[in-house]
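Input: a single structure, listed below in structure tokens.
A short reminder: the numbers here are calculations on the coordinates, not readings from a lab. Predicted model only: the values in this text are computed from it and were never measured. Cβ placement follows ideal geometry from the backbone for every residue including glycine, while neighbour counts extend to all protein chains displayed.
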Amino acid sequence: MKSILKLFAKTHQIAIRLNAPYGVHLRPSAMMAGIAKKYSCQIMLNIGDKQADVKNMNAVLALGLQDNDEIVLEARGKDALEALRALEEFLSALAAKEDDQELKQDLQKADYEGHVLQGTSICGGVAVGVPYLYEVQSNSSNGAKISFDDAYQMALEELESLSVDNDIFRAQKSILESISHHSHEEFIKNIDEAVTSLKDTANQVKIADYQDIKRRVTKLIQGVKSLVFPKTPFLLIANELLPGDIPTLIKENIQGVIVKNLPPRAHAALLLRSYKIPAISLEIASFEPTDNMMILDGSQGLLVTAPTKSDLSSANNAISAEASNSISVNEKRFEPAITKSGKHIKVLANITDVASAMEAKDAGCEGIGLLRTEFLFRETKPTFDEQVEAYRSIFALFDEVTVRTLDIGGDKKLPYLTLQHEENPFLGVRGIRLFETHLELMEEQLLAILKAKQNGELKVMFPMVATVDEFNYAKSVAHALASKHSVSLSGVSFGIMVEVPSVLFLIEEFNKVVDFYSIGTNDLAQYLFAIDRTHATLTVDPHSNVVYDAIKYIQDRATKPVSTCGELASNCDAIEKLVHIGINTLGVTPAMIPTIKARIRDV
């Protein structure tokens, strides 16, 4: 039906004379396509008798647009005018800055003169260095051997140290503890069986974690000596990269990473992005060692294997400009994020524990938008007093904290928490549904949260809420506990995570009972498309119009404050659209707070 309606939709046009001294080459074409893809309408670019779909970067590039060319942009669809305005603004900025040296450098670096290999972007940024081929260490021993039991314990201690700031290694530690380990042989057998069972399943991405654990323990047993990396800046080229490799590599003089077939959602890829290491995934047939400099363009997914002097100069200029920009952004991290129109966007932090709370404080957050309480519930159940102490230490740092009650279920399990086997745990007992199955556990946590409250504002948020009755029951439990234990609820509010699509259709009823909404875009997208967000082959486009439309639907109909706390809020490409939708509070990963604030100031 929509396709038929589009045939009768009005076509809007706009004529533009290009003022682009370096032409509209690779990078401007890619940026135009990126802007166009944010809109659902059809957008075509016309020049003479030639035409190209603006969402197709290669088609635009093939037109060979040059300075002073006259083009006509035409769009058809419900958001046609909005799309044309955005493209006109981009092209106008391109023209207005024709004498801007930074812009010239940016355009020049997109058109490399040397030989270029095209890959897939994992983490943006430009890097220059001598290539270094990284190979998985052999099993030959050249160090002191230790027993399996000692190696197992050392691996646990290493992962415990790494897990302080990272959920990935925390998950690996839980996996290691869950594997039967009476002997090294049994340990290897159980890991291999787990890997086999995960192949070609929705959780195939977890195979790398099992391989990482296996390698960590084996290396400790065999006393494998650490590799010696180049002392000069280098680009690492690897056929395989496991999560455990990353903490070691960041201590070296690594500038960028090229990996064969690394999925964007793989844990190694997530770690590279968290450390902001430029990286691409590239099919590597063979590699001959060389001392020649190469350029890695992570933003465009390119490896320049034989750069010219001009290429190197442009790349180094881009690196310097990014370094200067990072310094400027960091210096302004404590300043409020105010748009060009004067709208203040509150930037809060998503944290997992006390350490990340301290990091968020130093990064310039204005409070906590999401405190994931699962960090306390690990191998053993925390006592009531331990919970109170941990929450209190975080609450004391901020004037506003949103704390999410325990979100166990799905792929998150606890060794001491018995959950009935479910064919599809993501659609089973999870989040707020624990109030039905493990009420005593949830009551204890709620009371600890309320007891730990400081003088600031405390927001208690329930995850995976699907019905109004679920929320009302959980809230009534909190009120009953407060009354029984004489705990004041002054300054305490109760809200929900918007993750389950049913909430969209019940928004008018939820408006009557909740104090706030926080949109968890990760799970919302997962349930909207019925695709597990960790699936090995199926993916959800985080910038799909469906996701933005759902956010707008909530924002337009909610009568209580709305914020977002999913990955989308930490994505610079999403900020402008979220602001235009009306979202004025964002929950962001601590490392991205200064950058997101800077992006908001450009909207």
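For segment 299-336 and segment 461-505, what is the separation of their C-alpha centers, rounded to whole Å?
For segment 299-336 versus segment 461-505, the Cα centre distance is 46 Å.
If packing is taken as the average number of other Cβ atoms within 10 Å across a peptide's residues, how do 69-78, 480-489, 236-245, 293-302 rank, most packed first? Please report the intermediate quantities before stating the final value.
Values: 69-78: 18.0, 480-489: 12.5, 236-245: 21.1, 293-302: 23.2.
Output ranking for 69-78, 480-489, 236-245, 293-302: 293-302, 236-245, 69-78, 480-489.
Would you mind ranking 32, 464 so that the residue whose beta carbon has the fewest other beta carbons within 10 Å leads the list?
Details: 32 25, 464 22.
The most exposed by this proxy come first: 464, 32.
In this model, which of 251/276; 219/260; 38/459 are farther than 25 Å apart at the alpha-carbon?
Details: 251/276 13 Å; 219/260 23 Å; 38/459 33 Å.
In this structure, 38/459 exceed 25 Å between Cα atoms.
Could you put 47, 351 in order, starting from the residue whose Cβ has the fewest other Cβ atoms within 10 Å?
Numbers: 47 16, 351 27.
Least to most surrounded, the residues fall as 47, 351.
On average over all directions, what projected area in square nanometres does segment 332-601 have, based on the convex hull of its Cα atoms? Write out the running numbers ahead of the final one.
Details: hull surface 56.3 nm².
Taking a quarter of the hull surface, the average projection is 14.1 nm².
Which value, in debye to the nearest 20, describes the size of the charge dipole of segment 332-601 about its Cα centre when Lys and Arg Cβ atoms bear +1, Asp and Glu Cβ atoms bear -1, and nothing else is charged?
860
Using the Karplus equation 6.51 cos²θ - 1.76 cosθ + 1.60 (θ = phi - 60°), what ³J(HN,Hα) coupling, rounded to whole Hz, does each residue of segment 592-603 give in order, writing x for Gly and Pro?
Values, residue by residue: 9, 4, x, 5, 5, 4, 5, 5, 4, 5, 8, 7 Hz.
Compute the signed sum of charges (Lys and Arg +1, Asp and Glu -1) over the other residues within less than 15 Å, Cβ to Cβ, of residue 188. Write down the numbers at each step before the final one.
Numbers: positive: 189, 214, 215, 216, 219; negative: 149, 185, 186, 192, 193, 212.
With Lys, Arg at +1 and Asp, Glu at -1, the net is -1.
Could you please rank 523, 515, placing first whichever residue has the fewest other Cβ atoms within 10 Å of its Cβ?
Fewest-to-most ranking of 523, 515: 515, 523.
Calculate, for residue 601 and residue 288, the FRET efficiency according to 1/(1 + (r/R0)^6) with r their C-beta to C-beta distance and R0 56 Å; round to the nearest 0.05.
Details: r = 46 Å, r/R0 = 0.82.
The formula returns an efficiency of 0.75 here.
Between residue 11 and residue 584, 0.36 nm times their residue separation minus their Cα-Cα distance comes to what?
Details: separation 573, 0.36 × 573 = 206.28 nm, distance 3.27 nm.
Length gained, residue 11 through residue 584: 203.0 nm.
Sorted by mean Cβ packing within 10 Å, highest first, what order do the peptides 10-18, 588-596 take?
Working: 10-18: 13.8, 588-596: 23.1.
In decreasing order of mean packing, 10-18, 588-596 become 588-596, 10-18.
Which of the peptides 560-567, 364-371 is most tightly packed, and how do the rest follow, going by the mean number of other Cβ atoms within 10 Å of each residue? Intermediate values should be presented prior to the final figure.
Working: 560-567: 22.0, 364-371: 24.8.
Listed from highest to lowest mean packing, they are 364-371, 560-567.
For the pair residue 513 and residue 331, what calculated FRET efficiency results from E = 1/(1 + (r/R0)^6), where r is the Cβ-Cβ distance and R0 = 45 Å, to the nearest 0.05? Could the numbers behind the result be given before it?
Details: r = 43 Å, r/R0 = 0.96.
Efficiency, from the Cβ-Cβ distance: 0.55.
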